[in-house]
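Novice: One structure follows; several queries about it will come next.
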Amino acid sequence: MAVLVGCTSDFEEINTDVTQTRQENVVPNFFVAPVISRGPMGDLSNVFNIQFIQLDMWVQYFANYGRIDGTSNNGGTTTWWNKSVGDIENLNRALATIRSTGEVTNDEHIARIMKVYIFQRLVGVHGPIPYFEMADLTGNNPNYDDEDVIYQDMLKELEEAAAALSNDNPTMPPEQDRLFRSDIEKWKKFAQSLRLKIAMRLSEVDPELARSHAEAAVAAGVIESVEDNGLIDLGPEFGWGSQNGYATYQFGWGAPINMSRSFENTLIGLGGIDFPEAPDGETYIIDDPGVPIVGSIESSLDPNRSRFRQGVPSKVDPRGPLYFDNLGFSVEDSATLSNDQRVNVDNQWTGNPAGINPVDLGKEEYNTFYYASLGDNYANSERDYEVAKYHEVLFLRAEMALKGWNAQGDAKSFYEEGIRQSMLWHEVDPSLIDTYISSTDQNVYGLTVNFDFDSGETLPNGLPADSKLAKIITQKYIGCFPDFSWEAFADFRKTQYPFLIPFADPNPAVYNQGDLDAANPNAYPRRIRYPNAEAVNNAERYEQAVEFLGGSELENVPLYYDPNK
């Protein structure tokens with residue numbers, strides 16, 4: 001009997017599954033800190049799988065990195081979805097531990113803020129998602145929740161979490177927080193700025209709720225300077241995946257990331273600033289009208305369609321040549337097009353049309369090595385990943401004030417300061433900024449910078465080209481390049497600004513020619529589909545989500561915040 005007792009005294013310890021984390025052994029910040037690092041897409045694979053190969057292409061920051069036809073990439077979506085579920089699980093473990101102890105700690109509220117940050121991206125591109133039950137530690141398949149309920153709860157969570165943060169509460173060590181280094185005042189401003197962003201996303205479909213939260217967020221204190229920016233520092237010391245994705249894609253893998261034609265048309269002429277002078281020993285062809293492209297399938301709505309243009313424009317938004325390099329990857333001085341015309345491809349700063357099919361993309365006319373590609377400013381693999389920026393908040397407040405809501409300032413001041421801060425952030429020559437802000441020079445579509453001027457021009461989709469809303473949203477689109485394609489996607493769905501040329505060869509199962517020819521809202525992707533596995537592994541609840549969406553989960557189904565239903 002003594003032997004039996006001795007053998008069973010540690011029975012519980014022996015029979016504990018070592019693969020499972022025991023609640024009493026959980027250190028909450030060990031679960032929160034990794035999510036801060038990768039939840040805002042600080043992980044290279046996350047950036048690639050959802051931001052770069054889908055959203056960056058859909059909002060046409062870039063063109064044709066691989067084939068894009070306006071449909072979702074299931075492999076990339078699956079990777080992003082699974083990583084998001086894992087991050088939510090980690091945050092839920094931390095929250096469960098903190099709440100079981102009754103300890104008052106800032107880590108709890110930082111975890112709540114990070115959950116909202118991840119969820120607002122999921123719901124912002126997919127629509128209905130498992131929200132209340134995602135990775136809730138029960139092991140059960142989660143139910144999906146409808147979008148309006150999710151948005152209401154996210155706003156509530158941010159309001160409560162920001163109010164509960166206190167410098168008197170314990171917080172994780174600063175070295176574990178790669179976003180704000182455990183600066184609680186910055187976390188408060190971030191939470192309120194995120195609340196403002198979510199509120200403005202809903203401004204066309206639930207203006208009463210949006211106004212209430214937007215005004216309360218501003219009153220509580222949003223990001224007020226570049227010192228408040230949320231940046232994830234990257235570098236090899238943080239392990240695999242902690243390098244800037246854009247540097248890896250183009251400068252590491254050697255595949256040019258081309259400027260899109262839509263982005264080029266937005267930048268050319270805007271602000272009336274001269275294109276930078278050619279380097280010593282080089283010459284530029286200026287404002288080339290182009291030569292015809294034989295058999296082009298480019299959109300009829302592109303004013304520069306079906307012409308191969310050499311050289312550079314005479315006038316351009318000064319951020320454009322910093323974003324994209326006219327020297328590019330070209331190893332040839334000239335090339336022969338399909339019409340046997342010999343053209344200069346050296347020092348060419350033009351955009352490639354988005355959505356070119358693989359056959360046409362193989363023609364010299366669309367050779368990715370001839371088009372403007374990502375500039376050297378993005379070659380640094382340790383460039384910070386941008387999570388929250390002062391100039392984005394300024395544009396949000398400008399849009400808010402334009403509606404007559406209390407942004408604690410006027411739309412023009414916020415708009416102009418947003419431009420100024422964006423240009424300073426991107427290291428534009430400060431002597432150019434005032435000239436740019438006051439300019440009435442028009443871009444391809446008739447958009448100008450001067451807030452009080454209106455060219456009276458109309459976009460191909462019938463909207464005014466130079467309205468104050470067009471100015472604010474377009475400057476936000478330009479100024480927040482390249483890490484904010486998530487917000488650019490939501491803004492375009494909400495406002496149809498800036499003007500984007502429909503894809504050259506979109507999937508006919510999703511997009512019809514009439515919509516493409518008129519640039520109707522249905523001419524563009526409206527959501528990212530769920531991972532295919534959801535229809536198999538969570539079939540009953542997946543059908544619930546499809547029902548929330550109105551019976552289809554294709555890319556042409558509008559989301560809740562999209563007023564163009």
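Taken together, the values in this text are just the output of simple stated rules run on the coordinates, not laboratory data. Computed from a predicted model, the values in this text were never measured in an experiment. Neighbour counts are summed over all protein chains in view; Cβ atoms, including those assigned to glycine, are modelled from backbone coordinates with ideal geometry.
Novice: Would you please give the FRET efficiency between N564 and D274, computed as 1/(1 + (r/R0)^6) with r the Cβ-Cβ distance and R0 = 35 Å, to the nearest 0.05?
Specialist: FRET efficiency, N564 to D274: 0.40.
Novice: Here is a further query. Rounded to the nearest 20 Debye, what is the dipole magnitude of the chain about its Cα centre when Lys and Arg each give +1 and Asp and Glu each give -1 at the C-beta?
Specialist: Around 640 debye, computed over the chain.
Novice: Work through the residues other than T71 whose Cβ is under 9 Å from its Cβ and net out their charges, Lys, Arg +1 and Asp, Glu -1.
Specialist: Summing Lys/Arg as +1 and Asp/Glu as -1 gives -1.
Novice: How charged is the neighbourhood of K83? Take every other residue with its Cβ under 9 Å from the Cβ of K83, and add Lys/Arg as +1 and Asp/Glu as -1.
Specialist: Charge balance in the 9 Å sphere: -1.
Novice: Could you give the nm distance between label points at F132 and N532, where each point is 7 Å from its Cα heading toward the beta carbon?
Specialist: 3.3
Novice: Let me ask something additional. What is the percent of Cα-Cα separations in the stretch 25-224 that go past 22 Å?
Specialist: Summing the P(r) tail past 22 Å for the stretch 25-224 gives 51 percent.
Novice: At most 12 other Cβ atoms within 10 Å and a DSSP loop assignment: could you name the GluC sites (Glu not before Pro) in the stretch 497-565 that fit?
Specialist: When the GluC sites (Glu not before Pro) of the stretch 497-565 are filtered for loop state and at most 12 Cβ neighbours within 10 Å, nothing remains.
Novice: With Cβ to Cβ distances under 13 Å as the rule, what net charge do the other residues near L234 carry (K, R +1; D, E -1)?
Specialist: Result for the neighbourhood of L234: -4.
Novice: For the chain, the longest stretch holding no chymotrypsin sites (Phe, Trp or Tyr not before Pro) located in a DSSP loop with at most 15 other Cβ atoms within 10 Å is which?
Specialist: 254-452
Novice: Measure off 7 Å from each Cα along the Cα-to-Cβ vector at E227 and T440, then give the distance between these two points in nanometres to one decimal.
Specialist: Taking the simple label geometry, E227 and T440 are separated by 4.0 nm.
Novice: On to the next question. Does anyone have the angle between helix 147-164 and the longest principal axis of the chain? Alpha-carbon axes, 0 to 90°, nearest 10?
Specialist: The angle comes out near 70 degrees.
Novice: Could I ask something else about it? I'd like the projected area of the stretch 407-503, averaged over all directions, using the convex hull of its alpha carbons. Report it in nm² with one decimal.
Specialist: Reported value for the Cα convex hull: 6.9 nm².
Novice: Still on this structure: Report P(r) for the chain: all Cα-Cα distances, bin width 10 Å, range 0 to the bin holding the largest distance, values in whole percent.
Specialist: Whole-percent P(r) values from 0 Å outward: 3, 17, 27, 27, 15, 6, 2, 1, 1, 0.
Novice: I need the phi-derived Karplus couplings for the stretch 261-275: 6.51 cos²θ - 1.76 cosθ + 1.60, θ = phi - 60°, integer Hz, Gly and Pro marked x.
Specialist: Each residue's phi maps through the Karplus curve to give 4, 4, 5, 4, 4, 5, 7, 5, x, 5, x, x, 8, 5, 4 Hz.
Novice: In bins 10 Å wide, starting from 0, what share of all Cα pairs of the stretch 253-500 does each bin hold, as a percent?
Specialist: P(r) over the stretch 253-500, rounded to whole percents: 7, 30, 36, 21, 5, 1, 0.
Novice: Which whole-number percentage describes the relative contact order of the stretch 25-224, with Cα contacts under 8 Å and a sequence gap of 6 or more?
Specialist: This gives 19 percent for the stretch 25-224.
Novice: Roughly how tilted is helix 184-201, in degrees to the nearest 10 and between 0 and 90, from the longest Cα axis of the chain?
Specialist: 60
Novice: Would you kindly derive the ³J(HN,Hα) couplings of the stretch 130-137 from the backbone phi angles with the Karplus curve 6.51 cos²θ - 1.76 cosθ + 1.60 (θ = phi - 60°), listing them in order in whole Hz, with x for Gly and Pro?
Specialist: x, 10, 6, 10, 5, 6, 8, 6
Novice: Remind me, relative contact order of the chain in percent, using alpha carbon pairs under 8 angstrom and six or more residues apart?
Specialist: 19
Novice: Report, to two decimal places, the Cα Rg of the stretch 444-565 normalised by 2.2 N^0.38 Å (N = number of residues).
Specialist: Taking N as the residue count of the stretch 444-565, the ratio is 1.24.
Novice: Using amide H atoms built in the peptide plane, which far-off residues or other-chain residues are under 5 Å from R307 H to H?
Specialist: I293
Novice: Hey, what angle do you get for helix 468-479 against the long axis of the chain, alpha-carbon based, 0 to 90 degrees rounded to 10?
Specialist: Its long axis makes an angle of about 80 degrees.
Novice: Separate question: Would you mind working out the magnitude of the charge dipole of the stretch 253-500 relative to its Cα centre, with +1 at each Lys and Arg C-beta and -1 at each Asp and Glu C-beta, to the nearest 20 Debye?
Specialist: Here the stretch 253-500 has a charge dipole of around 940 debye.
Novice: Under 23 Å Cα to Cα from K186, which lysines show up? Leave out anything in the same chain fewer than 8 places away.
Specialist: The reachable lysines, counting only those whose Cα sits under 23 Å from K186, are K115, K156, K197, K389, K476.
Novice: Per residue of the stretch 44-61, what does 6.51 cos²θ - 1.76 cosθ + 1.60 with θ = phi - 60° give for ³J(HN,Hα)? Whole Hz please, x for Gly and Pro, Karplus curve as stated.
Specialist: 3J(HN,Hα) across the stretch 44-61, in whole Hz: 3, 5, 5, 4, 5, 6, 10, 6, 6, 7, 10, 5, 4, 6, 5, 8, 6, 4.
Novice: Two-decimal Rg/Rh of the stretch 284-370 from alpha-carbon positions, Kirkwood Rh?
Specialist: Value, to two decimals: 0.93.
Novice: Determine the dipole magnitude for the stretch 450-565: charges of +1 sit on the beta-carbon of Lys and Arg, -1 on that of Asp and Glu, nothing else is charged, the reference point is the Cα centre, and the result goes in debye to the nearest 20.
Specialist: Roughly 180 debye, rounded to the nearest 20.
Novice: Which GluC sites (Glu not before Pro) does the stretch 199-253 hold that lie in a coil by DSSP with at most 12 other beta carbons within 10 Å?
Specialist: Here the GluC sites (Glu not before Pro) that fit, given the DSSP loop and packing criteria, are E224.
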